[in-house]
Amino acid sequence: MRLKKIKNLNLFKEKSLNNLLRMVLSSFLMISFFYITPIFLNFTQKNFNNKEFTNNSKQVLAYTLNNGPKNQDEEINEDDLLFDIFSLNDLESDTVRLSASTIKQLFEDTGYNLQDVRKKKLVKPVALTLLPEEIKMIENVKKRKELFIQIVLPLIIQENNNIRLDRKILFSIINKSNNTVSEKNWLEKKYKQYGVNSRDLLVLKIRMDEIPTSLAIAQAAKETGWGTSRFAQEGNALFGQWTWSGEGLKPKDAEKGKGHKVMKFNVLQASVRAYQRNLNTHSTYKNFRKARAELRDSGKPLDSIELSKYLNKYAETGNQYVEVLQKIIKQNKLKDFDDAKLLPSSIDLESLI
């Protein structure tokens, strides 16, 4: 009888111990759950969040307005960055929009046609300020494309010429042991213009470079539908650059008072210059500039097909956007214009425009 009581007591103690262990284990699991869950949710939020992607790579204005990059070299003053673009806009406030038929006649009178350009690599310096409204009514796609290319080609080459001249001055300064006051002032101006707060000559050299003509034409064609878009017609916006603070056109589907606007320009030339400044300064295109510098260092020409690979963040469609650009370049044989030169302007030609 006594032995049975001892067994029952041991059994009771064993059950009590098991219950205690279960209680401790349950408490531990409960505490762990409430401790680990927030960490797990935070990790998931950071690494697997599928929120809609918003592309800000077309933003040209003010990198530090509220939510821009905080890197020293990206804290760019808006006025410094776009001073020459605003100045160009101010100089050309009174512009005349020529009709498509007038422009075609002008091109014929000056002997400017793309067939000759492809052969001779010489472009007439016909600098138009506005796109013709009738371009969207030209039903023949080939003719509409040709007219658009004829209009933007001299503008793109002119801006590349400006950069080429600046690079020549820059290299002259780099190769000198001592610089004059005027050279130092010129450098200071260019540091601000290209957002190089570090005053690093190497960074300036990488940023101050040309955009392949064929690539610029392709992007202008894509962004404007070969000159037919509302932004191109109403705001001379050839490349769809965005602004949150400057003058621009509001997309039709945008909420009132919210979101970006598409930058508006008085003249087409200002749009081309702003586009080049965008690719040459915005942090999004750092790899584009790096690839371009590598081509320079290896003595190779600036290949628009190769460099277009680094513009996948220019539009929200990503790599699909790159494929479209490459298709436009190839189908329209735009690389024929990469080595084209702009003929000197003349008083007689300017009087016709």
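Brief remarks follow.
- Summarising the amide proton neighbourhood of residue 342: residues at separation of 5 or more, or on other chains, whose placed amide H is nearer than 5 Å comprise 123.
- Estimated inter-spin distance, residue 115 and residue 182, nm [label 7 Å along Cα→Cβ]: 4.7 nm
- Multiplying the residue separation of residue 87 and residue 228 by 0.36 nm and subtracting their alpha-carbon distance yields 48.1 nm.
- For residue 96 and residue 80, the difference between the fully extended length at 0.36 nm per residue and the C-alpha to C-alpha distance is 2.9 nm.
- Nearest-0.05 FRET efficiency for residue 174 and residue 139, computed from C-beta distance (R0 51 Å): 0.45
- Euclidean distance of C-alpha centroids, segment 104-156 and segment 171-199, integer Å: 37 Å
- Length gained when the stretch residue 200-residue 293 is fully extended (0.36 nm per residue, less Cα-Cα span): 31.9 nm
- Sorting 177, 99, 304 on solvent-accessible area from highest to lowest, probe radius 1.4 Å, gives 177, 99, 304.
- The distance between label points at residue 341 and residue 122 comes to 0.9 nm (points 7 Å beyond Cα on the Cα→Cβ vector).
- Among the GluC sites (Glu not before Pro) in segment 76-183, those located in a DSSP loop and surrounded by at most 10 other Cβ atoms within 10 Å of their own Cβ are 139.
- Global form of segment 160-222, assessed from the alpha-carbon gyration tensor, a/c cut-off 1.5: prolate
The values are calculated or read from the model by the stated rules, or taken from the named source; none is laboratory data. Small disclaimer: the values here were computed from a predicted structure and weren't measured. Here the Cβ is made from the backbone with ideal geometry for all residues, glycine too, and neighbour counts use every protein chain on show. The accessibility values were calculated without ligands, DNA or RNA, using every heavy atom of the protein model including side chains. Shrake-Rupley method; radii C 1.70, N 1.55, O 1.52, S 1.80 Å.
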